[in-house]
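Notes to accompany the following structure.
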Amino acid sequence: MTSSRMPALFLGHGSPMNVLEDNVYTRTWRHLGETLPRPKAIVVISAHWFTHGTGVTAMEAPKTIHDFGGFPQALYDTHYPAPGSPALAQQLVELLAPVPVALDKEAWGFDHGSWGVLIKMYPDADIPMVQLSIDSTKPAAWHLETGKKLAALRDEGIMLVASGNVVHNLRTARWHGENTPYPWATSFNDYVKENLTWQGPAEEHPLVNYLAHDGGSLSNPTAEHFLPLLYILGAWDGQEPITTPVDGIEMGSLSMLSVQVG
């Protein structure tokens, strides 16, 4: 990594309660914020903005979205008033062309997949941020290729932070007591780690074809929590180190794996 090139991160965000809690995952996020080069801006890609087409937040002061229910009031009282960056949003429009990118000036903001991790990394909320949506209509290889386009931002001091969970099956989650990971969840989580540095055509990437794994569909009954990882792998230059700052499976079927490129 050059002195100016920003790392790219995929953070397994897990429960919204991580905002209020202090645990091995939140301490890792905090450590990353304290030790990595400070970005001049952040582009965040969250599982929780899953759209038809691609959008980017383009307002000066994005709102904090509490997109969850049934949690303690303290969580709803927590806000992350990071500034937006209409200029960076416009830069993304140009960078991703000819893919049309809608400038969202009022509807969205920062959902808990984004602010829930960044509040630990940068608690002062003083780094300009935009959030890029995930186009639900595109195949997995497209998201990897989009990450390749976004890689150029890293050389401008802009950090890419993607947020999801590579194993995310809440229907099978063990909500109380027993926390032992399901064998299929462990197997798929290991499969992801084993293929982080795979190189070859996007359409042949094992993690583009993640549903071909025996545990793929159980680990990801829907795609939105897995796809953010592909943006970060797409931003890899093929030579930088790829590391996993933290790993673990909670509630049997929720991977907290994080991946760092650079």
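The values are calculated or read from the model by the stated rules, or taken from the named source; none is laboratory data. No experiment lies behind these values; they were computed from the predicted model shown. A quick note on method: Cβ atoms are made from the backbone with ideal geometry, for glycine too, and the neighbour counts reach across all protein chains shown. Side chains included, ligands, DNA and RNA excluded: accessible areas come from the protein's heavy atoms. Shrake-Rupley method; radii C 1.70, N 1.55, O 1.52, S 1.80 Å.
Go through (1) over 16 Å from the mean Cα position of the chain (by Cα); (2) surrounded by fewer than 18 Cβ atoms within 10 Å (Cβ to Cβ); (3) not in a helix (DSSP H, G or I) one by one and return the number of the condition T222 breaks.
Condition (1) is where T222 drops out.
Which residue, of T137, T146, is surrounded by fewer than 21 Cβ atoms within 10 Å (Cβ to Cβ) and hydroxyl-bearing (S, T, Y)?
That would be T137, the only listed residue that is surrounded by fewer than 21 Cβ atoms within 10 Å (Cβ to Cβ) and hydroxyl-bearing (S, T, Y).
For region 206-219, how many residues meet the condition of being open to solvent by 10 Å² or more (accessible area, probe 1.4 Å) and either under 24 Å from G116 (Cβ atoms) or not hydrophobic (A, V, I, L, M, F, W, C) (or both)?
6
Considering every residue within region 215-224, establish whether at least one is farther than 21 Å from A8 by Cα, of a type in the set (A, V, I, L, M) and out of contact with any Leu (no Cβ under 9 Å at 6 or more places or on another chain).
yes
Within region 178-185, does at least one residue satisfy the condition of being of a type in the set (D, E), surrounded by fewer than 23 Cβ atoms within 10 Å (Cβ to Cβ) and part of a helix (DSSP H, G or I)?
For region 178-185, residues of a type in the set (D, E), surrounded by fewer than 23 Cβ atoms within 10 Å (Cβ to Cβ) and part of a helix (DSSP H, G or I): absent.
What residue, of A152, A185, A141, is touching a helix residue (DSSP H, G or I) at 6+ places or on another chain (Cβ under 7 Å) and closer than 18 Å to V56 by Cβ?
A152
Only one residue in N189, N169 is touching a residue at least 12 places away in the same chain (Cβ under 8 Å), touching an Asp or Glu at 6+ places or on another chain (Cβ under 9 Å) and within 19 Å of G248 (Cβ to Cβ), so which one is that?
N189
Which residues, counting only those in region 60-91, are open to solvent by 20 Å² or more (accessible area, probe 1.4 Å) and either hydrophobic (A, V, I, L, M, F, W, C) or under 18 Å from G147 (Cα atoms) (or both)?
Passing the criteria: A61, I65, F68, F71, A74, A87, Q90, Q91.
Can you pull out the residues in region 229-262 that are of a type in the set (F, W, Y) and surrounded by fewer than 24 Cβ atoms within 10 Å (Cβ to Cβ)?
Within region 229-262, just W236 meets the criteria.
Among the numbered criteria (1) of a type in the set (A, V, I, L, M, F, W, C); (2) under 18 Å from I127 (Cβ atoms); (3) assigned to a helix (DSSP H, G or I), which single criterion is violated by M59?
Failing condition for M59: (3).
May I ask you to verify whether A87 is farther than 11 Å from Q131 by Cα and among the aliphatic types (A, V, I, L, M)?
yes
Taking region 210-240 as the region of interest, how many residues are within 19 Å of T137 (Cβ to Cβ) and either polar (S, T, N, Q) or without any contact (Cβ under 8 Å) to a residue 24 or more places away in the chain (or both)?
Matching residues across region 210-240 total 3.
If you scan region 1-26, which residues turn out to be out of contact with any strand residue (DSSP E or B) (no Cβ under 9 Å at 6 or more places or on another chain), more than 24 Å from K148 (Cα to Cα) and in contact (Cβ under 8 Å) with a residue 12 or more places away in the chain?
P16, M17, N18, V19, L20, V24, T26, listed by residue number.
Restricting attention to region 118-134, and to residues there that are open to solvent by less than 10 Å² (accessible area, probe 1.4 Å) and within 16 Å of the chain's Cα centre (by Cα), which single residue is nearest to T78 (Cα to Cα)?
L118
Within region 158-177, track down each residue that is in contact with a helix residue (DSSP H, G or I) (Cβ under 7 Å, 6 or more places away or on another chain) and in a loop (DSSP other than H, G, I, E, B).
V166, V167, N169
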